[in-house]
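Enquirer: This structure is in structure tokens; I'll ask about it shortly.
The values are calculated or read from the model by the stated rules, or taken from the named source; none is laboratory data. In this text, all values refer to a predicted model and were calculated from it rather than measured experimentally. Reconstructed Cβ throughout: ideal geometry from the backbone, glycine too, with neighbour counts over all protein chains shown. Please note that ligands, DNA and RNA were not included when accessible areas were found on the heavy atoms of the full protein model with its side chains. Shrake-Rupley method; radii C 1.70, N 1.55, O 1.52, S 1.80 Å.
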Amino acid sequence: MVAITVPSSIEQIPLMRCPKANVDQAAAAIPCVDLSVPGAASAVADACRSVGFFRATNHGVPAGVAEALESRAMAFFALPAQDKVDMSGAARPLGYGSKTIGSNGDVGWLEYLLLSVSSNSVKVSSLPPPLRAALEEYTAAVREVGGRVLELIAEGLGVDRALLRSMVVGREGGDELVRVNHYPPCPLRAPGDCGVTGFGEHTDPQIISVLRSNCTAGLQIKLRDGRWVPVPPDPESFFVNVGDSLQVLTNGRFRSVKHRVVAPEGAQSRLSVIYFGGTAASQRIAPLPQVMRDGEQSQYREFTWGEYKRAAYKTRLGDHRLGPFELRAAAAAASEPASGADPQPHCSSGGSSTCMPQQQQVAQVY
């Protein structure tokens with residue numbers, strides 16, 4: 001048993017409204033793409049266009065690779081908090097973090113490792129050797145999945161198959177990250193149709209992200225009609241998110257998907273590992289000329305990945321990060337809340353919209 005102390009400046013974790021959803025209907029709303037079959041490119045493009053998210057099967061990553069990482073990550077998170085910080089450094093933003101997400105006030109019921117990846121090497125030499133080895137084997141495998149997905153996306157767009165992959169995988173100065181999130185069971189039961197925030201709603205700023213989780217549920221995505229639906233966990237599959245950068249590269253044809261995580265209420269922790277495919281800081285991000293129709297106007301002003309990343313680090317999770325880069329920003333601002341989040345993102349019970357009383361400073365993590 002390990003005690004994780006909530007930072008004194010962060011005493012409360014908000015609830016989120018979680019309307020009950022039929023699991024079968026929710027699963028049906030999430031496209032599934034077999035990466036091994038002819039026609040996968042068309043299916044990937046359709047999924048990116050309609051939802052911005054899909055489940056990828058027949059990806060070629062041996063189950064043992066993911067299972068080894070899961071086991072060694074859980075062993076790491078069972079260590080005393082100070083040991084975890086000593087091994088990886090406090091998250092700024094890379095390293096080990098607990099409950100605090102970024103530096104702008106976002107919090108959630110989780111602890112995590114956020115690591116940079118270069119040539120399949122995880123840049124934290126002080127991690128336990130078994131965990132480091134598992135991370136590097138997993139990262140090498142999931143980078144290849146990400147590269148194949150980028151090739152399929154490009155093919156589905158009708159552009160050079162290698163175009164998007166070359167922006168990310170093996171790119172000199174590329175910005176690839178791997179994040180390991182651990183969500184312990186939350187001791188507080190949220191009232192009514194609410195849940196405790198594990199990770200608040202957001203979009204990913206990179207080109208794509210590729211996620212794998214254990215058997216514990218919690219991930220939710222927001223559909224185009226505004227409904228939040230749970231994503232049934234499937235450790236044998238990967239889940240692919242369209243990121244903000246890909247939305248711009250396609251001039252809005254593919255849209256980044258809002259997603260969030262509800263903290264587990266049962267006895268089992270949730271563990272997820274996400275690979276983020278970002279490009280080099282100097283990479284120009286603008287609609288690809290190859291996808292633009294005659295006379296089509298760009299919806300976004302051109303920027304570099306470094307410029308966008310710096311801007312993203314100054315925002316809250318739920319902010320509409322692309323807003324300042326939209327050429328139609330005024331119209332967009334009039335059509336949605338300034339934060340980019342739901343107008344009523346929190347629940348309340350007895351006047352409280354938090355998962356922890358102010359005096360409760362320590363949570364027990366098993």
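Enquirer: For residue 258, list the aspartates and glutamates whose Cα falls under 18 Å from its own Cα; do not include residues on the same chain fewer than 8 positions away.
Expert: Candidates past the 8-residue exclusion: 46, 106, 201, 204, 225, 244, 319, 326, 336, 342.
Enquirer: Of all alpha-carbon pairs in region 155-296, indicate the percentage at a distance above 25 angstrom. Intermediate results must be reported in sequence, preceding the final value.
Expert: Working: 3720 of 10011 pairs.
Value for region 155-296: 37 percent of Cα pairs lie more than 25 Å apart.
Enquirer: In whole percent, what relative contact order does region 52-113 give with Cα contacts below 8 Å and a gap of six or more residues? Can you show the working numbers first?
Expert: Working: 39 pairs, mean separation 11.8, N = 62.
Relative contact order for region 52-113 comes out at 19 percent.
Enquirer: Could you order the peptides 238-249, 188-199 from most to least packed, using the average number of other C-beta atoms within 10 Å per residue?
Expert: Values: 238-249: 25.5, 188-199: 19.0.
The densest-packed peptide leads the list: 238-249, 188-199.
Enquirer: Taking the Cα centre as origin and putting +1 on Lys and Arg beta-carbons and -1 on Asp and Glu beta-carbons, what dipole magnitude results for region 10-328, to the nearest 20 debye?
Expert: On the way: 35 positive and 33 negative charges, 128 e Å.
Charge dipole, region 10-328, about its Cα centre: 620 debye, nearest 20.
Enquirer: Just to confirm, what accessible area per residue do you get for region 10-328 at 1.4 Å probe, in whole Å²? Display every interim value, and only then the final one.
Expert: Numbers: 12570 Å² over 319 residues.
Value returned for region 10-328: 39 Å² of accessible area per residue.
Enquirer: Relative contact order for region 10-328: what percent, with Cα pairs under 8 Å and sequence separation of 6 or more?
Expert: Values: 667 pairs, mean separation 68.9, N = 319.
Across region 10-328, relative contact order equals 22 percent.
Enquirer: Starting from a Cα-only point model with no solvent, please compute log10 I(q)/I(0) by Debye for region 236-304 at q = 0.24, 0.25 1/Å.
Expert: Evaluating at q = 0.24, 0.25 Å⁻¹ gives log10 I(q)/I(0) of -1.14, -1.19.
Enquirer: Under 8 Å for C-alpha pairs, at least 6 residues apart: give me the relative contact order for region 136-261, rounded to a whole percent. Let's see the in-between values first.
Expert: Working: 158 pairs, mean separation 27.9, N = 126.
The normalised contact order for region 136-261 reaches 22 percent.
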